[in-house]
Amino acid sequence: MSVIPWILLVVLALGFAGWVFRLAGQRVTHNKPDFRDMPFGVAFGYALAAGALLGGIWLWFQPGAAFFRWAIQGVVALAIVAWLFRLLGRAVGTFGTRKLFREMPLTASFGILVILIYAVLAIFAGAIAPHGQEEVFARVNILPGGNPETGGDPAFPLGTDQIGRDLLSRLIYGAQNTVGIAFVTTCLAFLLGGTLGFLAATLQGWLDQVLSRAVDVLMAIPSLIFALLLMTIASAWAGSEKWLLTVYMIVIIAVIDSTRVFRLARAVGLNIVVMDYIEAAKLRGEGLGYLIFKEILPNAYAPLLAEFGLRFCFVFLTIASLSFLGVGIQPPLADWGTMVRDLSQFINFAAFSPLTAALPLLAAGAIALLTVAVNFVVDWMLHRTSGLKD
Amino acid sequence: MTDLLLKIRGLKIEGRADEMWQPIINGVDLDLHKGEVLGLIGESGAGKSTIGLAGMGFTRDGVRISSGSVEFDGIDLVKASAETKRKLRGTRIAYVAQSAAASFNPAHKLIDQHTEAPVQHGVMSRGEGAADAVDLYRRLRLPNPEEIGFRYPHQVSGGQLQRAMTAMAMSCRPDLIIFDEPTTALDVTTQIEVLAAIRDIVEQFDTAAIYITHDLAVVAQMADRIKVLLQGDEVEEAETREMLSHPKEDYTKSLWAVREFKRPQKPAVDSGAVPVVSVRKVTAAYGPVKVLRNVSFDIHEGRTVAVVGESGSGKSTAARCITGLLPPLAGSIMVDGVEMPADYRKRSKDQLRQVQMIYQMADTALNPRKTIGEIIGRPVQFYMGLRGRDRRRRVEQLLDEIELPADQYFDRLPSELSGGQKQRIGIARALAAEPRFIICDEVTSALDQLVAEGILKLLARLQDELKLSYMFITHDLATVRSIADEVVVMKEGQVIEQGPKDEMFRPPHHAYTDLLLSSVPEMDPDWLTNLLAERGVDNVGDAAVDKMG
């Protein structure tokens, strides 16, 4: 049976429900402006939201929807912890930090908390992880859960992989490798792209032409394919020195991503250099360094910061994809992208053992959670910096 | 009278700032009869635009009508549904915005935008609307009325665009039009033709209008009655002639008196004196287009030279040549008899220090991310080499000079200052370099009249104390009258006439100077009528300039 009539039917039903809702609202509230001037689209939106909520509740009670329940429980739990975290921030600390926490939305404290947890895990991975990331144990494919009756082992709460490495330890070390490398790469991309972009905007002329066209050429090649190509060449150069390959990867991704930063920095810079205060600084006889770092950069923080959040996530995903494809972070080092690839077959067991199938999703979820958290924090910082001084 | 069209009673409007609702309008009453023109006048922040928009039952985002009523022809727009208001707007109430260039959609032809409202409201078909548009263009005396509608907004001049916008507002023959500063952004000669056109068409169709402006002389030509506003309160209201001849309140009197600040003419300079700045036969161009042709003038120590002309006359370009931002093709710039390198990059630090600039828009002239202390402190450190406590003391001294209390303003950001205060910071930054010569580029044109007068007085005092020379670029002849010692009139990149102020304002003038002078609106309500009678309806504005060219 075709799906399209069903979709049409649902949309029509929702539309009708929205219309009835608006009409009822008008009758009950005696034509209050909220209902009187409500466009049909908004009423439809309310009906859609109500429908989605009902659908969610129905799904919650389905026996096969374990993942859905876990995801909801996880989000709710983290939100509660974030709320407590914010309460704590309001109670302790200096006057400044307390004020910061008082004005902070829950999403931002959620983001900060998640980033803090990741940072602690990454920095103290050696102390927190029960085993080493390269340690191989005799028992392979121990099931997660830590219950001996279902094939688990309390020493390995998340079980072991096909060659007997502890998955919990590798997940924790993955934070160190993946997040650390992504952070370094993003910083490098911003240093490179930002400086060149502002330089092009300030000097213009032939330098701008040369840089911009070079960036156009780099951007014309699909970035993942380009990265793959360069990584293949780099792995030939690196030979058996695995750490050297990681350095190459950082440089390659930084250069590719710096083209996006360049574009943004140049566009933002062009809007700023036409301002009279830049002209005043030029006429004062200020040097290029002062112009870029003292006059232009402070006015470009907001868009650059937003881009940093997004770019960090993209870099992070690129590293994970390269690792997933086998040319990124190399085997003895734990990495979430590699983990998703190595454990991907377990997804087949979803119907029999949801816990086992959750393993690849755990690494993917770690990536997703950090992406969301970083963007929450960046949104909040943007909101703060774009406003007036407070 | 019973033909009351718009009746506003006890209107209170609030705006949301710092998470709180703060009053913008504190209970204003307003009556407007059919076919009557009411002038709303006040400084920025007086709430004139807010009241104008409320006349359509509209508020900007973050603003709400908290109490009161706005009755248009018996319908209370405060309580009316969005649907009712939509039906009224465009058909019975129309709006003409300050900047026509920003209000037209640049991607559509004028006539398509013109016919949109009548077609939407089902008043006319597309064809009828287009024919009507041509008729309106003709009545508003636009050149080539048959053809002009098929141009895009960027293809017509500012004054024409403003008239096209008035035609658009007329498209459904509304009962009420709200004009929000329609001529503020225009040159004086262009302003006249727009004023004449608006006044004519409003009379022809017997349309009621609310005319919002901060220019007293303009409102005197347009309005039957004038209402003066100050910070959301009504100061007084009276018939135009009554208001002009016998203002009751002190505030109104102070507004009327602003135009009377005038410095005495200084004695002529010794013929042997070396001018501080001398522009010698400068020719300059942007690309292939020549914008300055053989321009020469001198500026002596302690004197102010006003450079006047319409937009595009090359007055700002002359400033760019003096500062070295635009190296001239021919000619030279001398400071104290020494020729300066044409390009500012080749000038020494001391040469750069001699010539400072104050900009028109203080908003874009001050870095929004730096505190006042940093903005003024930078040239102090850069040129004078002062650091730490010495630097701070010098900045405080400069803040003192511009009459701002140093302890309050040192750590503030520009966004926390009013327009006049920002302009003062711009002056302090120029003074920090201890220059001999300052270029003032339309420094008062973005300010209210009372504030502008304060700035002019400050500049005059600083000139006397520090023996500064000013080049004063302006299109406002009232400013010239009050501060200049000598006047240079420019048109199309050439100096038309120059000389001491007193001579320049006394006939005989060059024909163009005469046109400029006679185009400045005067407070006399009959001024426009008399001028049109004298020059002929088709001989004002661009037409007159063209005939001369």
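The values are calculated or read from the model by the stated rules, or taken from the named source; none is laboratory data. Note that the structure is a prediction, hence the values are computed from the model and not measured. Ideal geometry is used to build each Cβ from the backbone, glycine not excepted, and the neighbour counts take in all protein chains shown. Each accessible area value is taken on the protein alone, full model and side chains, heavy atoms only, with ligands, DNA and RNA left out. Shrake-Rupley method; radii C 1.70, N 1.55, O 1.52, S 1.80 Å.
Within the range A:44-69, what residues put their amide N at less than 15 Å from the label point 7 Å along the Cα-to-Cβ vector of A:Ala351?
Counting only backbone N, you get A:64-65.
Which of A:Thr195, B:Val219, B:Phe104 sits closest to the plus end of the dipole of the protein assembly as shown, meaning its Cα is farthest towards the positive end, when Lys and Arg get +1 and Asp and Glu get -1 on the C-beta?
It is A:Thr195.
If you place +1 on the Cβ of every Lys and Arg and -1 on the Cβ of every Asp and Glu, how big does the dipole about the Cα centre of the range B:456-533 come out, in debye to the nearest 20? Working shown, then result.
Values: 7 positive and 13 negative charges, 50 e Å.
Once rounded to the nearest 20, the dipole reads 240 debye.
Compare B:His114, B:His154, B:His246 by solvent-accessible area with a 1.4 Å probe and give them largest first, with all protein chains kept in place.
On the way: B:His114 0, B:His154 145, B:His246 115 Å².
Per-residue accessible area, sorted high to low, gives B:His154, B:His246, B:His114.
Taking the Cα centre of the range A:3-137 as the origin, how large is its charge dipole in debye, to the nearest 20, when only Lys and Arg (+1) and Asp and Glu (-1) carry charge on their Cβ atoms?
Details: 10 positive and 5 negative charges, 140 e Å.
My answer is approximately 680 debye.
What are the aspartates and glutamates whose alpha-carbon lies under 16 Å from the alpha-carbon of B:Lys7, with same-chain residues fewer than 8 places away excluded?
Answer for B:Lys7, where 16 Å is the Cα cut-off: B:Asp29, B:Asp31, B:Glu36, B:Glu71, B:Asp73, B:Asp76, B:Asp175, B:Glu234, B:Glu237, listed by chain and number.
Which value, in Å² and to the nearest 10, is the accessible area of A:Asp161 when all protein chains are kept and the probe is 1.4 Å?
In the full protein context, A:Asp161 sits at about 10 Å².
Using a Förster distance of 22 angstrom, determine the FRET efficiency expected from the C-beta separation of A:Ala155 and A:Ile117, and round it to 0.05. Could you put the intermediate results ahead of the total?
Working: r = 23 Å, r/R0 = 1.07.
Efficiency, from the Cβ-Cβ distance: 0.40.
With a ≥ b ≥ c taken as the square roots of the eigenvalues of the C-alpha gyration tensor of the range B:143-281, please select rounded if a/c is under 1.5 and otherwise prolate if a/b is larger than b/c or oblate if it is not?
On the way: a/c = 3.12, a/b = 1.27, b/c = 2.47.
It comes out oblate by the Cα gyration axes.
Excluding ligands, DNA and RNA, what is the solvent-accessible area per residue of the range B:385-452 at a probe of 1.4 Å, expressed in Å²?
Numbers: 2860 Å² over 68 residues.
Result: 42 Å² per residue.
Pick out the long, greasy-scoring helices in chain A: whole DSSP H runs spanning 15 Å or more along their own axis by Cα, mean Kyte-Doolittle at least -1.0.
A:4-28, A:40-60, A:66-91, A:106-123, A:180-203, A:205-220, A:223-238, A:242-273, A:297-325, A:354-386
Given contacts defined as C-alpha pairs under 8 Å and at least six residues apart, what's the relative contact order of the range B:237-316, whole-number percent? Walk me through the intermediate numbers first.
Working: 56 pairs, mean separation 15.6, N = 80.
After rounding, I find 19 percent.
Toward the positive end of the charge dipole of the range B:199-298, about the Cα centre and with charges on Cβ (Lys, Arg +1; Asp, Glu -1), which of B:Trp256, B:Ala209, B:Val277 goes farthest?
B:Val277
By a straight-distance test (C-alpha under 30 Å), which lysines pair with B:Lys266 as possible cross-link partners, with residues fewer than eight away in the same chain excluded?
B:Lys253, B:Lys281, B:Lys315, B:Lys422, B:Lys457, B:Lys467, B:Lys491, B:Lys501
Post the alpha-carbon centroid distance, the range A:1-64 to the range B:457-509, in whole angstrom.
69 Å
What are the chymotrypsin sites (Phe, Trp or Tyr not before Pro) within the range B:196-301 that DSSP puts in a loop, where the Cβ has at most 16 other Cβ atoms within 10 Å? Before the final figure, lay out the partial values.
On the way: sites: B:Phe205, B:Tyr211, B:Tyr251, B:Trp256, B:Phe261, B:Tyr286, B:Phe297; in loops: B:Phe205, B:Phe261.
Here the chymotrypsin sites (Phe, Trp or Tyr not before Pro) that fit, given the DSSP loop and packing criteria, are B:Phe205.
When the helices in the protein assembly as shown are scored as -39500 (n - 2.57) per DSSP H run of 4 or longer and the sum is shared across all residues, what 222 nm value do you end up with, to the nearest 500 deg cm²/dmol?
Values: 40 runs with 497 residues, N = 939.
Roughly -16500 deg cm²/dmol at 222 nm, from the helical runs in the protein assembly as shown.
In whole Å, what is the distance between the alpha-carbon centres of the range B:161-203 and the range B:354-375?
For the range B:161-203 versus the range B:354-375, the Cα centre distance is 35 Å.
Gain in length, A:Phe68 to A:Glu103, computed as 0.36 nm per residue apart minus the alpha-carbon separation, to one decimal in nm? Mind dumping the intermediate values first?
Working: separation 35, 0.36 × 35 = 12.60 nm, distance 3.22 nm.
Additional length available on full extension: 9.4 nm.
Taking the alpha carbon gyration tensor of the range B:325-436, what are the square roots of 5 times its eigenvalues, largest first, to the nearest whole Å? Display every interim value, and only then the final one.
Values: eigenvalues 157, 53, 25 Å².
Largest first, the range B:325-436 gives 28, 16, 11 Å.
Would you please classify the overall shape of the range B:251-312 from the alpha carbon gyration tensor, given that a ≥ b ≥ c denote the square roots of the eigenvalues, rounded means a/c under 1.5, and beyond that prolate means a/b larger than b/c while oblate covers the rest?
Numbers: a/c = 4.69, a/b = 1.39, b/c = 3.38.
Note, shape of the range B:251-312 comes out oblate.
Mind checking the dipole of chain A: about its Cα centre, +1 per Lys or Arg Cβ, -1 per Asp or Glu Cβ, Debye to the nearest 20?
Working: 25 positive and 22 negative charges, 211 e Å.
Roughly 1020 debye for chain A.
Please give the Cα centre distance for the range B:64-139 versus the range B:331-345, rounded to the nearest Å.
When both Cα centres are located, 55 Å separates them.
Give the ranking of B:Lys87, A:Lys99, B:Lys491, A:Lys242 by solvent-accessible surface, highest area first, calculated with a 1.4 Å probe.
On the way: B:Lys87 130, A:Lys99 65, B:Lys491 25, A:Lys242 105 Å².
Largest accessible area first, the list is B:Lys87, A:Lys242, A:Lys99, B:Lys491.
When the scattering of the range B:380-463 is computed by the Debye formula from its Cα atoms alone, each counted once and equally, what is log10 I(q)/I(0) at q = 0.16, 0.27 Å⁻¹?
Log10 I(q)/I(0), no solvent term: -0.64, -1.48.
Restricting to Cα pairs below 8 Å that are 6+ residues apart, what does the relative contact order work out to for the range B:121-247? Please round to a whole percent. Don't jump to the answer; show the numbers that get you there.
Numbers: 115 pairs, mean separation 24.7, N = 127.
Relative contact order for the range B:121-247 comes out at 19 percent.
Determine the relative contact order of chain B: mean sequence separation of Cα pairs under 8 Å and six or more apart, normalised by residue count, in whole percent. Intermediate results must be reported in sequence, preceding the final value.
Values: 1025 pairs, mean separation 83.8, N = 549.
That works out to 15 percent.
Please report, for the Cα atoms of the protein assembly as shown, the Rg to one decimal and the Dmax as a whole number; what are they, in angstrom?
34.9, 112
Rank A:Ile347, B:Ile41 by accessible area, highest first, at a 1.4 Å probe radius? Can you show the working numbers first?
Details: A:Ile347 80, B:Ile41 0 Å².
The ranking, largest first, comes out as A:Ile347, B:Ile41.
What figure in square angstrom, to the nearest 10, would you give for the accessible area of A:Leu355 with a 1.4 Å probe?
80 Å²
Aspartates and glutamates within cross-link reach of B:Lys109: Cα-Cα under 18 Å, excluding same-chain residues under 8 positions apart?
Cα-Cα hits under 18 Å: B:Glu128, B:Asp132, B:Asp135, B:Glu146, B:Glu147.
Once you have a ≥ b ≥ c as the square roots of the Cα gyration tensor eigenvalues for chain A, tell me rounded if a/c is under 1.5, and otherwise prolate or oblate according to whether a/b is larger than b/c.
Here chain A falls in the oblate category.
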